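The values are calculated or read from the model by the stated rules, or taken from the named source; none is laboratory data. It should be emphasised that the depicted structure is a prediction, and the values quoted were computed from it without experimental measurement. Using ideal geometry, Cβ is built from the backbone for each residue, glycine included, and neighbour counts are taken over all protein chains shown. Protein only, heavy atoms only, side chains kept; ligands, DNA and RNA dropped before computing areas. Shrake-Rupley method; radii C 1.70, N 1.55, O 1.52, S 1.80 Å.
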Amino acid sequence: MSFNTFGHLFRVTTWGESHGPALGATVDGCPPGVELAEGVIQHWLDRRKPGQNKYTTQRREPDAVQILSGVYEGRTTGTPIQLMIENTDQRSKDYGDIAQSFRPGHADITYWQKYGIRDPRGGGRSSARETAARVAAGGVAREVLKLLAPGIEIQGYMVQMGRLRADRDRFDMEEVERNPFWCPDAAAASVWAAALDDLRKDGNSVGAVIEVVARGVPAGLGAPIYGKLDADLAAAMMSINAVKGVEIGEGMAAAELTGVENADEIRMGNDGPMFLSNHAGGILGGISTGQDVVCRFAVKPTSSILTPRRTVTVGGDETDLVTKGRHDPCVGIRAVPVGEAMMACVLVDHLLRDRGQTGGQTGGQRGRIGL
């Protein structure tokens, strides 16, 4: 299986399976001299790890990261950074009944159709457990951002669970860390909790929409035509397990707007051009504008549910299947730190690419516009 790597200059390769001995990431292209310790990366992994509340899978994994290479005396050396996270709470016997059947909504059948073999224990590489490696790599990326662009802040949060939406008029970003849904609307989080309790008891699951915002992104990241910042962000978010849709800025809602409503007008401010709105999500022509970069992605309902579903076996027989084991009733909850990690990795990659092409200079430094 190829294509386990993303990024151009800041490259991340993930490896390992849900029920194997370990999983992890190799980060190549990290600049030398970046302060990095396991505890810094662990902070981000602790936000994603399972079993933290009743709304996530009850699999108990410490997700303790080990740095095996690329760091000496607390600083990166510029060589590949190898990160490893051991699996300690596998219950592979939970998947014995499905070894010969394909779970509806899962990648079981497509892995079989493509490779003629699959790992039925939690889905192997198709398991959302793979995202722990991404979060570890994102921890490295955040430390690089502190060095190259210390003004950048990345924050993710849930804005929708099923048909229930958060009210943007009630947004308080301090609420994001106070509830298990990473929701900036405390009232919505309370409603979601009751709704998810009912779904869990019914053996069902639900999808979600996550928004990730990067503030303080400098203008000029991204390149036409095939190196667009939004194209790479969309690919990064879409690669996350269970993601079925990605939007930048207004996204699909832009189709409902007129040109007058959608175009972000510009005026001159004390520090240069100032946009009067941000329908573009901080990216025009694939290049960052200096505004907040806004990305949303939709996560489908967890396919592993206790409700019987119709399927077929490897031998072609029709059957009904109940997926046992420990699963997230709303996998979108733990996708929030994953989306943040992917945003961090993409931004670092584009910062390095921009430095390679332009030396990191802005249009103003080249005399084209008063910045």
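Remarks
- Only one of Val176, Val135 that is β-branched (Val, Ile, Thr), part of a helix (DSSP H, G or I), farther than 22 Å from Leu9 by Cβ and at pLDDT 95 or above: Val176
- With respect to the conditions (1) surrounded by 15 or more Cβ atoms within 10 Å (Cβ to Cβ); (2) under 22 Å from the mean Cα position of the chain (by Cα), Arg215 lacks only one, and its number is (1).
- Look at (1) out of contact with any Gly (no Cβ under 8 Å at 6 or more places or on another chain); (2) modelled with pLDDT of 95 or more and you find that Met161 fails only one, number (1).
- Selection count where residues are within 16 Å of Val212 (Cα to Cα) and touching a Lys or Arg at 6+ places or on another chain (Cβ under 9 Å), scope region 143-159: 5
- Tallying residues that are touching a residue at least 24 places away in the same chain (Cβ under 8 Å), open to solvent by 40 Å² or more (accessible area, probe 1.4 Å) and not aliphatic (A, V, I, L, M) within region 306-321 yields 5.
- Looking across region 138-173 at every residue that is acidic (Asp, Glu) and assigned to a helix (DSSP H, G or I), the one that is farthest from the chain's Cα centre (by Cα) is identified as Asp169.
- Qualifying strands (runs of 3 or more DSSP E) (wholly inside region 277-371; at least 1 residues being closer than 30 Å to Gln42 by Cα and either at pLDDT 95 or above or touching a Cys at 6+ places or on another chain (Cβ under 9 Å) (or both)): 293-299
- Region 108-119, residues that are surrounded by 20 or more Cβ atoms within 10 Å (Cβ to Cβ) and under 24 Å from the mean Cα position of the chain (by Cα): Asp108, Tyr111
- Some residue of region 285-305 being without any contact (Cβ under 8 Å) to a residue 60 or more places away in the chain, open to solvent by 30 Å² or more (accessible area, probe 1.4 Å) and of a type in the set (Lys, Arg): no
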